[in-house]
1. Given the stretch 64-105, what strands (runs of 3 or more DSSP E) lie entirely inside it while holding 2 or more residues that are more than 16 Å from the ligand (Cβ to nearest atom) and surrounded by fewer than 16 Cβ atoms within 10 Å (Cβ to Cβ)?
2. Step by step: first the residues of the stretch 25-46, then only those that are within 15 Å of residue 101 (Cβ to Cβ) and near the ligand (Cβ under 10 Å from one of its atoms), then the one that is surrounded by the most Cβ atoms within 10 Å (Cβ to Cβ). Which residue is that?
3. Consider the stretch 18-63. How many of its residues are without any contact (Cβ under 8 Å) to a residue 24 or more places away in the chain, assigned to a loop (DSSP other than H, G, I, E, B) and within 12 Å of the chain's Cα centre (by Cα)?
Ligand SMILES: [Cu+2]
């Protein structure tokens, strides 16, 4: 009985508060919304291109740098957060497009 309770408690500890989440970021009017995202390690960012032109998610921040490739309207792009810290997300085609991601451990 005690063992069962411990196993349930362990399962809660592992899967309850630490469950990975998905955060949707829209690209519309050549603007990322929201402008700041808070997330946890293991979460996934999903960029939805709801615009009429292509975008390209690009992260210049050292230790987080990535390029998700050209993204046509209606096409989503995913980015899994693998480490804590803060990084900037830009767009290859539109210099003014910017959002900041804060990843908590
Ligand atoms: Cu763009």
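1. Details: elements: 66-71, 76-80, 85-91, 98-104.
Counting at least 2 such residues, we get 76-80, 85-91, 98-104.
2. Of all residues in the stretch 25-46, those within 15 Å of residue 101 (Cβ to Cβ) come to 25-27, 32-46.
So of that shortlist, the ones also near the ligand (Cβ under 10 Å from one of its atoms) come out as 27, 32.
Details: 27: 24, 32: 22.
Once the filter is applied, the top-ranked residue is 27.
3. 1
Bear in mind that the values in this text are calculations on the coordinates, not laboratory data. Please read all numbers here as calculations on a predicted model, not as lab measurements. Please note: Cβ atoms are built from the backbone with ideal geometry, for glycine as well, and neighbour counts cover all protein chains shown.
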